[in-house]
Each structure stands twice: as C-alpha cells, then as structure tokens.
1. State whether the residues of region 161-182 include one that is touching a helix residue (DSSP H, G or I) at 6+ places or on another chain (Cβ under 8 Å) and among the polar types (S, T, N, Q).
2. Working only within region 194-227, note down all residues that are within 26 Å of Met315 (Cα to Cα), open to solvent by 50 Å² or more (accessible area, probe 1.4 Å) and among the hydrophobic types (A, V, I, L, M, F, W, C).
3. If we scan region 135-145, do we find a residue that is buried (at least 18 other Cβ atoms within 10 Å of the Cβ), in a loop (DSSP other than H, G, I, E, B), at pLDDT 95 or above and not assigned by TED's automatic domain parsing to the domain that holds Gly316?
4. If we scan region 93-114, do we find a residue that is in contact (Cβ under 8 Å) with a residue 60 or more places away in the chain and touching a Lys or Arg at 6+ places or on another chain (Cβ under 7 Å)?
5. Taking region 169-183 as the search range and keeping residues that are under 18 Å from the mean Cα position of the chain (by Cα) and assigned to a helix (DSSP H, G or I), which one is farthest from Leu58 (Cα to Cα)?
6. Give region 318-330 a look and list any residue that's out of contact with any Pro (no Cβ under 9 Å at 6 or more places or on another chain) and in contact (Cβ under 8 Å) with a residue 60 or more places away in the chain, or say none.
7. Can you tell me how many residues within region 52-108 are part of a loop (DSSP other than H, G, I, E, B) and under 17 Å from Asn155 (Cβ atoms)?
8. Filter region 294-336 down to the residues that are of a type in the set (Phe, Trp, Tyr) and closer than 16 Å to Val240 by Cα and list them by number.
Amino acid sequence: MATVNYAVRCFVTNPSAKNPSKPRPFVVRCSVPLSPSHDASTAVQERPWKVADARLVLADGSIWRAKSFGAPGTQVGEVVFNTSLTGYQEILTDPSYAGQFVLMTNPHIGNTGVNFDDEESRQCFLAGLVIRSLSISTSNWRCTKTLGDYLAERNIMGIYDVDTRAITRRLRQDGSLIGVLSTEQSKADEELLEMSRSWDIVGVDLISGVSCNAPYEWINKTNSDWEFNSGGRGGDKFHVVAYDFGIKQNILRRLASYGCKITVVPSTWPASETLKMNPDGVLFSNGPGDPSAVPYAVETVKEIIGKVPVFGICMGHQLLGQALGGKTFKMKFGHHGGNHPVRNLRNSRVEISSQNHNYAVDPASLPEGVEVTHINLNDGSCAGLAFPSLKLMSLQYHPEASPGPHDSDTSFEEFIQLMKQAKQAA
C-alpha cells in the first residue's frame, strides 16, 4: 500500500539544561497509509484543517484571501464595518444592511451560536458577513444552532481568517468600498474586480425589497425577562401606524411595551389610507440604502407631517429631513455599531447609542423652524431633529438598540407625550 510521508520540525526546552531558555530542535516523521481509492497527490491536498477557499475583492484592487463558511457562491455588495462587541444575530437580521457586507471589528464571532428570540426581521437581508475568527464551538443556554449552519440555511455567505483590522483601516481612510465575495475558483481575480467596479449602491431602491407586502397588526411586547424600563406606563392607549421601510422588530416591541396599538403598513402605503385609519401618531422606520432613491416615500411623508404626530428613526429621520426641504448626503464610511456617543442638545445629556446608516441630513439645508436636537460626538453630524409646530421628532440612530445600550429608550416615551399633547389639544 502506498504511503505519504510528513516531517514536522519541533522545538523543546529542557528545564534541567545549563541554558534552559535555548530550545532544542527535533524532527518528527510519520507515514500515512493511503486507501486504494486515493493517490499521493490527493492525500497532500486533503489536510486536517480548512484552507483558504474564498476571496474578497475590493473595488480599489485589493484581494483578500479567506476561508468560507455559510453559503458558497459569488456575491457583490458594499463593505461596511460594525464596531459592536455583541449582537451579531441582530445585525444579521437588520434589514438596513441590505446590499452590504458587514465586517465585524470584534475579532471573535459565533461563540454564542444563534437562537430564534434574537431575530430582528423575518430573514437575513445583508449580502455577507466578514469576520476575523469563527468560533469552533458554541456556549450559550439559548443556542439552537451554529452561526455557520444558520447562514448556510439562509443562503448568506461568510468569510473568516481575514485581516479585518487592515480592511477597517482601509475603509476609514478611503471610505466604504464595493466588494465581491466568491468561493468560485473558476472566476479570475480580474473578473471579480470588474464586478465590484461595475456595481453601485447609490441611487438603488433597497426599501421595496425589505418592506412587508400588506398591513398587519403587531401586539408583542418586550419579553418580561428582558424588560428594563417598566415605569411610566399605563394611561391612554395610542394607535400608531408604522411604515415598514425595513423596520426592526424591537422598535415594535418597545412601542407595544409603552402601551401602543400598532398597525404596520408597507413602504408604498398611500398617505390617504393611513390618515383614514385616524392614527394618534405615525412612525417612519429605519431602512436600507439611499433616501434619495425612494421619492415615493418622501412624498408620503410630506402628506402626513403636520396632520398627526410623527417619529422618524434612521431612514425615517432622513426622509423627514428631505420632506422638510433639507438635503441628505452619503457619509465617508457611515456609522455602524453599538457604541456611538450622542449629545442631546436640549438637556446636554450624552447617550451611548446604536447606529447603522451611511447617509445623514445636512442641517444647514433645513428651513427655519427645524431644530437640531442631537449631534453625534464622533463627527458632529446631525443625529436628531424636531419641529414642534408640526408635532415632529426624529433620531438618526436606534433608540430600540438590539444590539446596543438602552440610553435612548426614553425617546419612545417622548413620542407618547407628543401624541398625548396632540390628543389633549384636539
């Protein structure tokens, strides 16, 4: 029977030697017998560890070799980095990441597995996941499956054993880049590079692909095991119509926990139909992509503001900015993570916030009467707006967190107060 020979050079230190700090080299040799169905060339290729079998090709021409997990194939998307330390499953199911590869700066991912309770939407909408180290085991009492199996079932690509620090520095220096992930060895590097340079996320309507198709009622509150703010509830119950531009479920849970009756409607739902429901307030949710690519949503917002109290979150904040006559712009690399400091200019309170957006409102373009209520302390960008005479408030970040801190949860209570004041004045 044929064999394949291996030689491994090792080093050992003898504590009893005169110079114990100097290691002594030795070589271990072994032979592996081959079965009749294998030849020597096959045995050399079949190693007991996974080898690099995937590439991330960025539009700047850089090529990053990596190991794959999840689904195989080839996918194009915009590469962004997320600085959250925990909550990768909530990030995976956040519809705002549609069309994007999410690179986690926290190096160790997958150690808690996944579970049904942490999902933020009905499916994974992101293009792929890029991480440094994939945990080889899971350890969490709620875990139902591994991260790799979860992504494979949802046809989402992932890569690991890639230098995420170097890619993050490149994105911070050059801005967000389009990239192509591929496990297909038949595709040349040049072909993948051409794919990355011929695709663009700017001007693409990504909302229509993540929104619901028909209205529905939402009743689930935050689970009592996880409820952290049970004070100040009760009293009037308000009916809120929530526009689904890619809404996260925890936004709905927090509204329900504050006593709201919630009707969720599609992104294309006519404003006239919303007003026929006679809501106490309207919420414009988070969502993916460029607000300038969805003029129909801006027109809907225009028709509603001033008639009922409104609350905009993330994409909803940007749509409100445009509906008020302001402009939005694409940021260099956006804000993605659960540790962004924001200052509330009304009370000087600093909140550590959860953020996920690549666009921002230009406050200089807003008309008189619009108040900037919050700013991001990392770069000074606009993080919140209010227009008291129109009963309007908005935040660029995520007060519902998931994942992230709960500093901004009081924003939902402010929305309740806005609806209460409008109801009393009616």
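The values are calculated or read from the model by the stated rules, or taken from the named source; none is laboratory data. Just so it is clear, the structure is predicted and the values come from calculations on it, not from any experiment. Reconstructed Cβ throughout: ideal geometry from the backbone, glycine too, with neighbour counts over all protein chains shown. SASA here: full protein model, heavy atoms, side chains in, ligands and nucleic acids out. Shrake-Rupley method; radii C 1.70, N 1.55, O 1.52, S 1.80 Å.
1. Yes, region 161-182 contains a residue that is touching a helix residue (DSSP H, G or I) at 6+ places or on another chain (Cβ under 8 Å) and among the polar types (S, T, N, Q).
2. The answer is Trp199, Val202, Val204, Ala214, Ile219.
3. As a first pass, look at region 135-145 and keep what is buried (at least 18 other Cβ atoms within 10 Å of the Cβ): none.
No.
4. Scanning region 93-114, I find at least one residue that is in contact (Cβ under 8 Å) with a residue 60 or more places away in the chain and touching a Lys or Arg at 6+ places or on another chain (Cβ under 7 Å), so the answer is yes.
5. Of everything passing the filter in region 169-183, Arg172 is farthest from Leu58 (Cα to Cα).
6. First pass over region 318-330, keeping only residues out of contact with any Pro (no Cβ under 9 Å at 6 or more places or on another chain): 320, 323, 327, 329-330.
Answer for region 318-330, where residues must be out of contact with any Pro (no Cβ under 9 Å at 6 or more places or on another chain) and in contact (Cβ under 8 Å) with a residue 60 or more places away in the chain: Leu320, Lys330.
7. Of all residues in region 52-108, those part of a loop (DSSP other than H, G, I, E, B) come to 52-53, 59-62, 71-73, 83-87, 93-94, 99, 105-107.
From what's left, under 17 Å from Asn155 (Cβ atoms): 71-73, 93, 99.
Adding up the residues that qualify gives 5.
8. First, pick out the residues of region 294-336 that are of a type in the set (Phe, Trp, Tyr): 296, 311, 329, 333.
Answer for region 294-336, where residues must be of a type in the set (Phe, Trp, Tyr) and closer than 16 Å to Val240 by Cα: just Phe311.
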